[in-house]
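Read the figures in this text as sums done on the coordinates, not as results from a lab. It should be emphasised that the depicted structure is a prediction, and the values quoted were computed from it without experimental measurement. Neighbour counts are summed over all protein chains in view; Cβ atoms, including those assigned to glycine, are modelled from backbone coordinates with ideal geometry.
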Amino acid sequence: MAQTVAQVEAFMAGAHLHQICTPNPEFVMAAQRDHTFYDILNQADLCIPDGVGLLWAARWLGQPIPERVPGSELVYHLAAAAAAHHWPLFLLGAAEGVAEQAGQVLQTLYPGLIVAGSYAGSPDPAEDERICGRINASGARLLYVAYGAPQQDKWIHRNRGRLTTVQVAIGVGGALDFISGKATRAPRWMQHLGVEWLYRLWREPWRWRRMLALPRFVWRLLWQKAGGRG
Ligand code: UDP
């Protein structure tokens, strides 16, 4: 987590927009079928390991990752850094009013934080021009996009040339819902055991189909480890 924040500080010294993605096994499996998403993940300036499944897989494949860096926690750390360095933050996405509420919560937690703007907007490409105009006018340097994966990552990628002031943009999934209090995260003990996904399945059972990505991910790993290729 500390390395990630330091890397974002380094990105902020550069002129162009840097994209951060937060892969978990669902992302990895979705990217096997969705080639645009696959390329975006591979071209991202930084991919942080959001899911515990990636840590297991990395260790198992002999390339261990030091720790999980959940996007839902990084958003707090980056807001603290934004307050300390005076990076104006723009919150895009989630249901009507949620981004605004999340901005207020973050400002309470990190006094001095500049929330340049908040807007639900829409991931519909027809809206891109208008939304980017709004973000540019706000002067935001840090951007959180909450449209869910892979829509949020595609949104950032296709608009990177339109955003003139943003230096770091990150897809944050349901993080604004958590910050605003609209949704609750799993209890700490479940997070520590690496079974936060089980809590989400219980709260949002319609996710079961997406979660089939987990066993498919394990199968794919076994296959790769056994020397299989595709
Ligand atoms: N969302 C949105 N517009 C859309 C689709 C999703 O604003 O067209 C928001 C939704 O309100 C939620 C977030 O995107 O705040 C996606 O959350 P989810 O928990 O599904 O994220 P994921 O699990 O994909 O990271």
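Give me Rg over Rh for the chain, both radii from the alpha carbons and Rh done the Kirkwood way, two decimal places.
Working: Rg = 17.4 Å, Rh = 18.2 Å.
Reported Rg/Rh, Kirkwood definition of Rh: 0.96.
Using mean Cβ contacts within 10 Å as the protection proxy, how do 27-39, 196-208 order, highest first?
Values: 27-39: 16.2, 196-208: 13.5.
Going from most to least packed, we get 27-39, 196-208.
Let me spell out the model: positive unit charges on the Cβ of Lys and Arg, negative unit charges on the Cβ of Asp and Glu, origin at the Cα centre of region 1-67. What dipole size does that give, in debye rounded to 20?
On the way: 2 positive and 7 negative charges, 32 e Å.
In debye, rounded to 20, region 1-67 gives about 160.
Above 17 angstrom, tally the Cα pairs of region 180-230 and express them as a % of all pairs, no decimals. All intermediate terms of the calculation are to be shown ahead of the outcome.
On the way: 672 of 1275 pairs.
Tail of P(r) above 17 Å: 53 percent of Cα pairs.
What size of dipole, in debye to the nearest 20, comes out for the chain about its Cα centre when the only charges are +1 on Lys and Arg C-beta atoms and -1 on Asp and Glu C-beta atoms? Walk me through the intermediate numbers first.
On the way: 22 positive and 18 negative charges, 142 e Å.
That gives the chain a dipole magnitude of about 680 debye.
Per-residue ellipticity at 222 nm for the chain, helices alone: DSSP H runs ≥ 4 residues times -39500 (n - 2.57), over residue total, nearest 500 deg cm²/dmol?
It lands at -15000 deg cm²/dmol.
If you average the C-alpha positions of region 192-227 and of region 16-36 separately, how far apart do those two centres end up, in angstrom?
16 Å
Any idea what angle helix 2-11 forms with the longest principal axis of the chain, computed on alpha-carbon atoms, 0 to 90 degrees, nearest 10?
50 degrees
If you stretched the chain out fully between Asp124 and Glu67, how much longer would it get, using 0.36 nm times the residue separation minus the C-alpha to C-alpha distance? If you can, show how the numbers build up before the last one.
Values: separation 57, 0.36 × 57 = 20.52 nm, distance 3.46 nm.
Extra length from Asp124 to Glu67 when fully extended: 17.1 nm.
Ranking request for peptides 126-137, 91-102, 67-78: highest mean number of other beta-carbon atoms within 10 Å first, then the rest in descending order.
On the way: 126-137: 14.8, 91-102: 21.7, 67-78: 19.2.
Ranked by mean Cβ neighbours within 10 Å, highest first: 91-102, 67-78, 126-137.
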